[in-house]
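Following: one structure in C-alpha cells, then a few remarks.
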Amino acid sequence: LLYIQRVRSNVFYDDFRNEARKAKETAPGTDPWTTQSSFGADLIMDCNILQANFPISFGGRIIKPINYGKIQVEGLFTITF
C-alpha cells in the first residue's frame, strides 16, 4: 500500500530586512529598516502510494521566529509528474 523510498530532513535559518513602505510609518530619527529572522526544520518522506507511477512527498515543517511570534507548524505535500 505504501512504499517509502527515503526520509530526508532539512535544517534552515532565515534572516531578512524590511523597510517601511512610507516614511511616515516610522518615528523621526529612527531607522526605517527592521530585521526579522527565524529557524526551523523539515522532515519529509518520499513515497509511492498504491503502486502509482509518480512519487509523492509529504511531511512537516516546524518554524521558530527569533524576535517575534510563536512556534509554527506547517504541512508539506508535493506530487511530481
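Could you give the accessible area per residue of the chain, probe 1.4 Å, as a whole number in Å²?
79
Would you compute, for the Cα atoms of the chain, the largest minus smallest coordinate along each principal axis and list the three values in descending order, in whole Å?
63, 22, 15
What net charge is computed for the residues neighbouring R8, neighbours being all others with C-beta under 10 Å from the C-beta of R8, Lys and Arg scored +1, Asp and Glu -1?
-1
Quick check for me: using +1 on Lys/Arg Cβ and -1 on Asp/Glu Cβ, what's the dipole size of the chain about its Cα centre, in debye to the nearest 20?
Charge dipole, the chain, about its Cα centre: 120 debye, nearest 20.
Please check: in the Gaussian network model of the chain (C-alpha springs, under 10 Å), which one of G59, G40, G69 has the largest mean-square fluctuation.
Maximum fluctuation in the GNM of the chain, among the listed residues, is at G69.
The values are calculated or read from the model by the stated rules, or taken from the named source; none is laboratory data. No experiment lies behind these values; they were computed from the predicted model shown. Every residue, glycine among them, receives a Cβ derived from its backbone with ideal geometry; neighbour counts consider all protein chains shown. The area values use the complete protein model at the heavy-atom level, side chains included, leaving out ligands, DNA and RNA. Shrake-Rupley method; radii C 1.70, N 1.55, O 1.52, S 1.80 Å.
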